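The values are calculated or read from the model by the stated rules, or taken from the named source; none is laboratory data. Keep in mind it's a predicted model, so treat the numbers as computed, not measured. Counting neighbours? That spans all protein chains shown, and the Cβs are built from the backbone with ideal geometry, glycine included. To get the accessible areas, we keep the full protein, side chains included, count just its heavy atoms, and leave off ligands, DNA and RNA. Shrake-Rupley method; radii C 1.70, N 1.55, O 1.52, S 1.80 Å.
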Amino acid sequence: MSTLAAALPPVYLDHNATTAVAPEAVQEMIDVLERVWANPSSTHGPGQAARRLLADARNRVATFLGCQATELVFTSGATEANHIALLGALARGKAEGCTRLVLSAVEHPGLLALAARLRSEGTPVELIPVNASGQLNLEAARALLGPDVALLSVMGANNETGVLMPVRELAELARAQGVPFHVDATQLVGKSGLRFDASGADLWSLSAHKLHGPKGVGALLIRRGLSWPALQAGRQERNRRGGTENLPGIVGFAAAAERAARTLADDLAHLRALRDQLEASLKALHPAVQIHGDGVARLPNTVCLRFGTLDAEQVLNKLERAGVVASSGAACTASGTQPSHVLLAMGATALEAKASVRLSLGRHTQEREIAHTVAVVRRVIVPLLAAADVDVETRIAA
């Protein structure tokens with residue numbers, strides 16, 4: 001590692017994995033831990049003070065998300081919220097013979113793992129394909145929906161490529177068939193202007209730590225008037241999710257949500273400008289640089305690319321040693337050793353999928369960090385591409 005890279009903190013380009021907790025959120029959480037630590041379900045004075053704080057935090061989060069406070073169920077994160085959505089849909093639809101699930105082929109690995117388990121237990125699960133750019137096939141979705149579908153569930157934006165899904169169009173298709181529609185909005189929130197009330201969805205899942213809130217807290221939004229079975233029995237969260245509420249985490253979630261709301265428009269413009277600068281600069285370095293989802297609607301902060309067929313692990317190790325940290329598109333699969341199911345669904349070969357890396361920017365990413373990243377790629381990655389070209393030419397000549 002160079003002296004400069006050792007002296008400076010690394011350039012962090014893995015914001016789709018998690019974000020730094022906002023100072024406002026940290027301070028409010030500390031205040032709760034020190035002063036308002038009673039159980040919100042207790043009827044005595046301290047408990048009722050905690051209950052009032054919980055109600056206030058619920059209103060703050062609901063305002064940001066564009067839902068009513070009564071539609072908001074706090075969970076431990078998006079994974080739990082997704083489980084409540086899928087398992088609740090099956091429990092809800094069982095009496096009416098609605099036993100089929102329809103998901104996209106590019107869902108988060110955690111959701112697909114649940115779907116695989118359900119399929120092994122006899123639940124029909126259908127996957128909507130995507131095209132080479134990662135865009136969902138709406139006609140295929142239309143063909144898969146029917147009266148026996150318990151739930152249509154898709155990501156609002158893909159966590160690997162950033163490609164946006166046609167949420168409003170899918171909501172119309174689901175509504176026409178009377179099918180509940182769930183959106184995993186984990187990557188949408190804080191990176192787009194779409195709100196629950198304008199999405200047409202019946203359910204939304206999200207995690208606070210994706211928008212500078214703490215880990216271990218998230219939410220499931222359930223449209224008003226829609227009855228939904230609980231995954232964990234208990235009287236908390238209006239009988240929809242049992243267990244003592246994580247009040248410090250929820251208050252931190254609220255603080256992060258308010259912070260995001262104040263700066264959202266500026267943040268999106270900032271991210272889009274830096275992403276475009278990063279992509280243009282990287283593509284100019286070598287013709288082997290390929291952007292997945294290039295030219296289609298994507299999150300403003302996400303770049304999923306490959307440097308020819310250089311293995312992603314090799315690329316990421318080189319980048320980190322030079323002071324840039326990022327992740328592989330296959331990071332959520334078996335220790336990153338398997339090709340990304342998202343890129344395979346887009347038609348990439350296994351070799352291309354295993355070569356892909358994700359650079360995801362955040363609110364605090366600076367222009368100088370983008371310039372440093374490009375300089376690092378020029379110095380440590382482009383020579384590998386040149387060596388690979390020589391190797392190919394040598395093998396062809398032989």
Notebook entry, point to check: Using the alpha-carbon centroid of each, what span in Å lies between segment 226-262 and segment 34-91?
Noted result: 2 Å
Notebook entry, point to check: One-quarter of the Cα convex hull surface for segment 90-180, in nm²?
Noted result: 5.7 nm²
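Could you give the dipole magnitude of the chain about its Cα centre, charging the beta-carbon of Lys and Arg +1 and that of Asp and Glu -1, in debye to the nearest 20?
Here the size comes out at about 680 debye.
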Next item on the list: Round to the nearest 10 and report in Å² the accessible area of K318, as given by a 1.4 Å probe over the protein chains' heavy atoms.
Entry: 80 Å²
Check: So which of K283/K354; K94/K210; K94/K354; K191/K283 end up more than 30 Å apart by C-alpha?
Finding: K94/K210; K94/K354
Next item on the list: Write down the accessible area per residue of the chain in Å², having rolled a 1.4 Å probe over the full set of protein chains.
Entry: 42 Å²
Margin query: With angles folded into 0 to 90 degrees, how steeply does helix 109-120 sit against the dominant principal axis of the chain? Use alpha carbons for both and round to 10.
Written below: 70 degrees
Note to self: Using alpha carbons only, how many angstrom separate the centre of segment 154-205 from the centre of segment 105-124?
What the structure shows: 19 Å
Notebook entry, point to check: What distance in nm separates the simple spin-label points at R52 and Q27, each placed 7 Å from Cα in the Cβ direction?
Noted result: 2.2 nm
Margin query: Given points 7 Å out from each Cα along the Cα-Cβ axis, report the R224 to T99 separation in nanometres with one decimal.
Written below: 3.6 nm
Notebook entry, point to check: By the gyration tensor of its Cα atoms, with a ≥ b ≥ c the square roots of the eigenvalues, what is the shape of segment 217-259: rounded for a/c under 1.5, prolate for a/b over b/c, or oblate?
Noted result: oblate
Check: Can you list the HN-Hα couplings for segment 204-219, worked out from phi with the Karplus curve (6.51, -1.76, 1.60; θ = phi - 60°), rounded to whole Hz and with x for Gly and Pro?
Finding: 10, 10, 7, 10, 5, 6, 7, 10, 6, x, x, 6, x, 8, x, 7
Notebook entry, point to check: Where a ≥ b ≥ c are the square roots of the eigenvalues of the C-alpha gyration tensor, would you call segment 1-112 rounded, which needs a/c under 1.5, or, failing that, prolate if a/b is larger than b/c, or oblate?
Noted result: oblate
Margin query: How would segment 48-128 be classified by its alpha-carbon gyration tensor: rounded, prolate or oblate, with rounded meaning a/c under 1.5 and the a/b versus b/c comparison settling the rest?
Written below: prolate
Check: Per-residue HN-Hα couplings for segment 340-349, Karplus 6.51 cos²θ - 1.76 cosθ + 1.60 at θ = phi - 60°, whole Hz, x for Gly and Pro?
Finding: 4, 5, 5, 6, 4, 5, 7, x, 5, 6
Margin query: Can you tell me what share of the DSSP beta bridges in the chain is antiparallel? A percent to the nearest 5 is fine.
Written below: 55 percent
Notebook entry, point to check: Based on Cβ point charges of +1 for Lys and Arg and -1 for Asp and Glu, what charge dipole magnitude is obtained for segment 154-268 about its Cα centre, in debye rounded to the nearest 20?
Noted result: 360 debye
Note to self: In whole Hz and in residue order, list the ³J(HN,Hα) couplings for segment 25-42 that follow from phi through the Karplus curve 6.51 cos²θ - 1.76 cosθ + 1.60, θ = phi - 60°; x for Gly and Pro.
What the structure shows: 5, 4, 5, 5, 5, 4, 4, 5, 4, 8, 10, 10, 9, 6, 6, x, 8, 6
Check: Between D148 and E320, how many nm apart are label points set 7 Å from Cα along the C-beta direction?
Finding: 4.7 nm
Next item on the list: Could you state the angle between the C-alpha long axis of helix 78-93 and the longest principal axis of the C-alpha atoms of the chain, as a value from 0 to 90 degrees rounded to the nearest 10?
Entry: 60 degrees
Notebook entry, point to check: Taking the chain, how much of its Cα-Cα pair set, in percent, is spaced more than 27 angstrom apart?
Noted result: 52 percent
Notebook entry, point to check: Taking the Cα atoms only, what angle lies between the long axis of helix 312-321 and the longest principal axis of the chain, rounded to 10 degrees?
Noted result: 90 degrees
